[in-house]
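Step one of this worksheet: look at the structure below.
The values are calculated or read from the model by the stated rules, or taken from the named source; none is laboratory data. Please read all numbers here as calculations on a predicted model, not as lab measurements. So basically every Cβ, Gly included, is an ideal-geometry build from the backbone, and we count neighbours across all protein chains shown. With ligands, DNA and RNA removed, areas are computed over all heavy atoms of the protein, side chains included. Shrake-Rupley method; radii C 1.70, N 1.55, O 1.52, S 1.80 Å.
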Amino acid sequence: MFSYRHAFHAGNHADVLKHTVLLAVLRHMVQKDAALTVFDTHAGAGLYRLDGDYAQTSAEAAEGYLKLVASKPVEPIAPLLQDYLDLVAGFNKQGSHKVYPGSPFIIHQVIQERDRDKLKLFELHPTDTKTLTANIAQLEAGRQIAILREDGFEGVKKFLPPPSRRALLLCDPSYELKTDYGRVAAMVADSLQRFVTGTYAVWYPIIPRPEAHDLPKKLKTLANKAGKSWLGVTLTVKSSKLTQDDAGEVIRPGLPASGMFIINPPHTLKAGLQKAMPQMVELLKQDANATFTLESGG
């Protein structure tokens, strides 16, 4: 249960998609003066070293964030993608790319000047909880941030609806257990019953597994039944087909694609992603199968 560590995957292409979308949603939501509560159901350690042992073991950032910063695109970077790059750069000294902020630090970066906003972080992994607590302590954010060592799927229920009636819930479990797919759908269904006007952002991997294929369909059905708008975006960087090396050993491709599904998205999000996604594909592609999808409804 506790074998997954996001530190191995920090800054990969899935993080680029997830955090670009998360940042765009947050930027829009803080334009209103009313207090905002943000929930992160699987917070991880919060902050990662790209030159650390975990990240260098997998080197996934080399095909994600680090690949972006090393690129020299002909056209100007799309605003949503540039905002993401600028925010991550702000955690590093000029010319350095050693630190990568997870979603807790990205969220705090946006809400830190708004004392009325709250951030609630859920994390069960004992080591990551300890690291997260130490990292968050550096922010001296006081009561603005709460760390809860409990199951985010269940723990979030007692906070919905929040007093301000404005909330963003980010759910990005590891999906290491295939039961996570069903738990995500169940949590979203329950959350919509408790607080139908909240904004819900779900990240999911796109892999050859029935549960992964069905999850966005289930989320779309839940949004439609609730009569709420939705947006789905996916990023594919390479083929998902298995290959063989010279010795005949099967080579697994790693994560080829991922998606974000947002219920009650900002009305500006689709237009921003229409500009950002083609560039994300072009800059992060690993083979000719790289592509994206973007759809909305409700």
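Brief remarks follow.
- Each helix, a run of at least 4 DSSP H residues, gives -39500 (n - 2.57); summed and divided by the residues of the chain, these come to -11500 deg cm²/dmol at 222 nm.
- Under 10 Å, Cβ to Cβ, from Ala146 - net charge with Lys/Arg +1 and Asp/Glu -1: +3
- Under 5 Å from the amide H of Asp151 lies no amide H of any residue 5 or more positions distant or on a separate chain, with H modelled from the backbone and absent for Pro and chain starts.
- Note on segment 112-238: Lys pairs 8 or more places apart or on different chains, Cα atoms under 13 Å apart, count 4.
- Taking the convex hull of the alpha carbon positions in the chain and averaging its projected area over all directions gives 15.6 nm².
- Relative contact order (percent, whole number), segment 131-251, Cα cutoff 8 Å, 6+ residue spacing: 21
- Net charge of neighbours whose Cβ lies under 11 Å from the Cβ of Asp190, counting Lys and Arg as +1 and Asp and Glu as -1: +2
- Cβ charges +1 (Lys, Arg) and -1 (Asp, Glu), total dipole of segment 15-170, debye: 460
- Debye intensity ratio in log₁₀ form over the Cα atoms of segment 134-255, taken at each q of 0.14, 0.15, 0.20 Å⁻¹: -0.76, -0.83, -1.19
- Set of aspartates and glutamates near Lys32 by C-alpha distance (under 14 Å), chain-local residues within fewer than 8 positions excluded: Glu113, Asp115, Asp117
- Exposure rank, largest accessible area first [Ser258, Ser71; 1.4 Å]: Ser71, Ser258
- Mean Cα-pair separation over length for the chain, i.e. relative contact order, pairs under 8 Å, 6 or more apart, %: 22
- Remark: the Cα gyration tensor places segment 49-119 in the oblate category, a/c being 1.5 or greater and a/b not exceeding b/c.
- Fraction of alpha-carbon pairs over 18 Å apart in segment 68-184 - percent: 63
- Taken along the Cα-to-beta-carbon direction at a fixed 7 Å, the label points for Lys225 and Arg149 span 3.6 nm.
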